[in-house]
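Notes follow once the structure below has been shown.
The values are calculated or read from the model by the stated rules, or taken from the named source; none is laboratory data. These numbers were taken from a predicted model, which means no experiment stands behind them. So basically every Cβ, Gly included, is an ideal-geometry build from the backbone, and we count neighbours across all protein chains shown. Heavy atoms of the whole protein, side chains included, go into the accessibility calculation; ligands, DNA and RNA do not. Shrake-Rupley method; radii C 1.70, N 1.55, O 1.52, S 1.80 Å.
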Amino acid sequence: MTENSNPESGFLEALGQRVRTMRAVHGMSRKVLAKVSGISERYIAQLESGKGNVSIVLLRRVSNAMGAHLEDLIPAAEPSPDWAVIRDLLRKASAGQIAQAKGVLGGQGASQQRLKSFAGIALIGLRGAGKSTLGKLLAKKIGWNFVELNKEIEAQNGLSIAEIIALYGQEGFRRLEQSALTQLLARKELTVLATGGGIVSEPVTFDLVLSSFYTIWLKAEPEEHMARVRKQGDLRPMADDRSAMAELRTILKSREPLYARANAVVDTAGLSVDAAAARLVDAVAPVLHDEARMFARG
């Protein structure tokens, strides 16, 4: 700490870092966050730099605009990476479930967790990673269903993703995303799933992906992500933003620890579609071998 530093300034700096990281995880530029929250971009810049005169009301508007919880922005030591998942599950739990969880945590006995059925292979990563293109090729090669989760959400709700976010906000979209995933799992069909890049920002939904699928992070260089997104004509959420490349780098850096929770990583940097597809097939070979062995036993 410097001579002029104090606990308050340290808190504001940590708060600014949390806001900046949370914004990046949710894939929002400052301009978009300012528009959704109704707070000036200048104020958000001051907040993120640790120089903001923070009002709890304005901070609540920032968290709501990102579809996050206010406490997610408050600097504090979290007991484990799974804390956010546990917290969100407790919010939705019944009184009986909470009592049961309290008993387990208090050492009054433990129940064996039910093993979730293996649902297939899920591809995660930033937009432009090749999840849809490579996912389709993989599904065709191994004879499984291919599902693009965002298209599943659109089909179930009769609205485009942009319309859903405009009507219900980020939080509403994440609820529909979780519902679509739950319905997909209920089909009990082996699936190659292409997820949205921001699915990692919703702890419970992402945990459901990790526990139900063999998950692969499709990784590429930031420049490749940007080039592929531009080629698709899709600049969400960086449209009309002069600092789009810087924002993309920030988003990728903030999400990397979450993407890294995948079972495997396939780096597609500099590869052709065919070469990347071949690398993906190699990555899932152990999974297919295990499935074949289990089928033979059955």
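If we count every other residue with Cβ under 12 angstrom of T21's Cβ, Lys/Arg +1 and Asp/Glu -1, where does the sum land? My count for the surroundings of T21 gives +2. Here each label is just a point 7 Å from Cα along the line to Cβ, and for V265 and N145 those points are 3.2 nm apart.
When peptides 190-200, 210-220, 245-255 are sorted by average Cβ neighbour count within 10 Å, with the highest value leading, the order is 190-200, 210-220, 245-255.
Of K136/K231; K92/K188; K35/K231; K31/K51; K151/K219; K151/K188, which sit over 30 Å apart, Cα to Cα? From K136/K231; K92/K188; K35/K231; K31/K51; K151/K219; K151/K188, over 30 Å: none.
Per residue, the range 182-232 exposes 40 Å² of accessible surface when a 1.4 Å probe is rolled over the protein heavy atoms with every protein chain present.
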